[in-house]
1. Would you confirm whether or not segment 119-139 contains a residue that is under 24 Å from K203 (Cβ atoms) and acidic (D, E)?
2. Within segment 16-32, how many residues are of a type outside the set (S, T, Y), in a helix (DSSP H, G or I) and either within 8 Å of the ligand (Cβ to nearest atom) or surrounded by 23 or more Cβ atoms within 10 Å (Cβ to Cβ) (or both)?
3. Starting from segment 67-95, keep only residues that are in contact (Cβ under 8 Å) with a residue 40 or more places away in the chain, then list their pairs with residues that are surrounded by fewer than 18 Cβ atoms within 10 Å (Cβ to Cβ) and among the charged types (D, E, K, R) whose Cβ atoms are within a distance under 6 Å, requiring at least 6 positions of separation or different chains.
4. I'd like to verify a number: residues in segment 138-162 that are surrounded by 10 or more Cβ atoms within 10 Å (Cβ to Cβ) and more than 24 Å from G88 (Cα to Cα), how many?
5. Of all residues in segment 47-65, count the ones that are under 30 Å from N146 (Cβ atoms) and either at pLDDT below 95 or touching a Ser or Thr at 6+ places or on another chain (Cβ under 9 Å) (or both).
6. Going by the structure shown, is W102 in contact (Cβ under 8 Å) with a residue 12 or more places away in the chain, in contact with a strand residue (DSSP E or B) (Cβ under 9 Å, 6 or more places away or on another chain) and surrounded by fewer than 18 Cβ atoms within 10 Å (Cβ to Cβ)?
7. Residues that are away from the ligand (no atom under 15 Å from the Cβ), at least 1 per element: which strands (runs of 3 or more DSSP E) completely within segment 64-176 meet that?
8. Kindly indicate the residue of segment 33-51 that is within 16 Å of the ligand (Cβ to nearest atom) and charged (D, E, K, R) and also farthest from S116 (Cα to Cα) among those meeting that condition.
Amino acid sequence: MTSTESKSILNVLGVGSSMRQISYSTTALKIILEKVGGKDAETNLLDLQKTRLPMLYSQEDDTEEIVRVTELVKWADAFVLATPDYHGSMSGSLKNFLDYFWSDFAGKTFGYIVASHEKGLTVMDQMRTAVRQCYGWSMPYGISINPEVDFNDKRELIGTKISSRLDMLARDLVVYGKLIREQFLNDLHRSSLVNTFAGYYRK
Ligand SMILES: Cc1cc2nc3c(=O)[nH]c(=O)nc-3n(C[C@H](O)[C@H](O)[C@H](O)COP(=O)(O)O)c2cc1C
């Protein structure tokens with residue numbers, strides 16, 4: 001890889017973490033992945049309701065699910081994390097996902113979706129804190145979904161404001177995600193340049 005490498009396509013992994021069969025946060029996540037897919041990006045959905053990760057350190061050997069999710073995480077250049085608001089924090093399944101894969105987040109950008117009746121600001125903060133601890137980059141705003149206001153009885157998203165915010169995040173995640181990923185990879189492979197945090201990730 002050279003210092004002029006550029007990423008023409010950004011790989012974006014959406015992580016849905018509600019265990020409910022029909023989830024507002026995962027529905028919103030699917031909508032944003034569709035929007036992201038229309039830009040210079042490829043997308044994948046990891047729905048933790050369907051792909052069950054065991055609790056960290058609860059298995060002696062990697063399960064099929066762990067192997068599959070590891071591949072997806074390594075493939076991803078950027079993430080959208082979606083969670084319900086559980087007592088002002090993220091879901092346990094999302095925290096477990098972050099605990100598993102923290103070492104693959106450096107130089108990658110994260111966007112956030114929370115389903116909450118109360119805006120979910122502390123939830124957003126806690127996801128940002130965990131991602132920062134893992135040297136990931138966070139988008140400076142997130143999307144808060146209030147199910148009673150933003151969805152109709154058929155569970156379709158309503159309202160131009162929320163739709164516009166999802167458009168904005170889809171656009172910004174791809175644009176900023178590419179810049180950050182490119183710079184990180186270039187710094188990573190420019191061994192003469194020592195004083196950059198990417199240098200800590202050289203093998
Ligand atoms: C254990 C638990 C704790 C919750 N805590 C909150 C909360 O603190 N604030 C809030 O607005 N909603 C809270 N909720 C409601 C969920 O965040 C809300 O129903 C959300 O839309 C569920 O997202 P989902 O449809 O993606 O599963 C809680 C729900 C559960 C089951």
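1. Narrowing segment 119-139 to residues under 24 Å from K203 (Cβ atoms): 131-137.
Restricting the remaining residues to those that are acidic (D, E) gives none.
Checked against the condition, which is being under 24 Å from K203 (Cβ atoms) and acidic (D, E), segment 119-139 yields no hits at all.
2. Within segment 16-32, the first condition is being of a type outside the set (S, T, Y), and the residues that meet it are 16, 19-22, 28-32.
From the residues that got through so far, the ones that are in a helix (DSSP H, G or I) too are 28-32.
Restricting the remaining residues to those that are either within 8 Å of the ligand (Cβ to nearest atom) or surrounded by 23 or more Cβ atoms within 10 Å (Cβ to Cβ) (or both) gives 28-29, 32.
Qualifying residue count, segment 16-32: 3.
3. V73/D104
4. 3
5. Final tally of qualifying residues: 5.
6. On the way: in contact (Cβ under 8 Å) with a residue 12 or more places away in the chain: yes; in contact with a strand residue (DSSP E or B) (Cβ under 9 Å, 6 or more places away or on another chain): no; surrounded by fewer than 18 Cβ atoms within 10 Å (Cβ to Cβ): yes.
The answer is no for W102.
7. Numbers: elements: 78-84, 109-115, 143-145.
Result: 78-84, 109-115.
8. Step by step, filter segment 33-51, then rank; the result is K50.
The values are calculated or read from the model by the stated rules, or taken from the named source; none is laboratory data. These numbers come from a predicted model, not from an experiment. As a convention, Cβ positions derive from the backbone with ideal geometry for all residues, glycine included, and neighbour counts pool all protein chains shown.
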